[in-house]
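Single-structure report; data block below.
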Amino acid sequence: MKIKEGFVLRQVCGEWVVVGEGLSAINFNRLLSLNDTAAWLWQQAMEQGDFTVDSLADRLSEEYDVTTEDARRDVAELVGKWQQEGIVA
């Protein structure tokens, strides 16, 4: 999977949000808000370019005190939401 071109992570008023680049792409009713861990995972996905649930789960379990199984479950749920929002392909 890859994050679709044109979507970027920004910090707005202390909150992490994913928005489309360019003023014409911003719909303030459809900002995707991320917590710190989800924002960190977004950054990992961007660094990896072509990522999988397993590759992100591995990074999550390396960085945080979480089992691989829990990391995979949480990452799968998060990536599923990203897919529903149409920001990953």
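The values are calculated or read from the model by the stated rules, or taken from the named source; none is laboratory data. Note that the structure is predicted; figures quoted are calculated from it, not measured. Note that we place each Cβ from the backbone using ideal geometry, even for glycine, and neighbour counts take in every protein chain shown. Protein only, heavy atoms only, side chains kept; ligands, DNA and RNA dropped before computing areas. Shrake-Rupley method; radii C 1.70, N 1.55, O 1.52, S 1.80 Å.
The residues of the chain expose, per residue, 65 Å² of accessible area to a 1.4 Å probe. Entry note, the chain: the mean residue ellipticity at 222 nm calculated from DSSP H runs of n ≥ 4, each adding -39500 (n - 2.57), is -15000 deg cm²/dmol after division by the residues and rounding to the nearest 500.
For the chain, which span is the longest to avoid every loop-located (per DSSP) member of chymotrypsin sites (Phe, Trp or Tyr not before Pro) having at most 16 other Cβ atoms inside 10 Å? That gives 29-63 as the longest site-free run.
Of the solvent-accessible surface of the range 7-85, computed with a 1.4 Å probe over protein heavy atoms with every protein chain present, carbon and sulfur atoms account for 46 percent. Taking Cα centre as origin and charging only the Cβ of basic (Lys, Arg, +1) and acidic (Asp, Glu, -1) residues, the dipole magnitude of the chain rounds to 460 debye.
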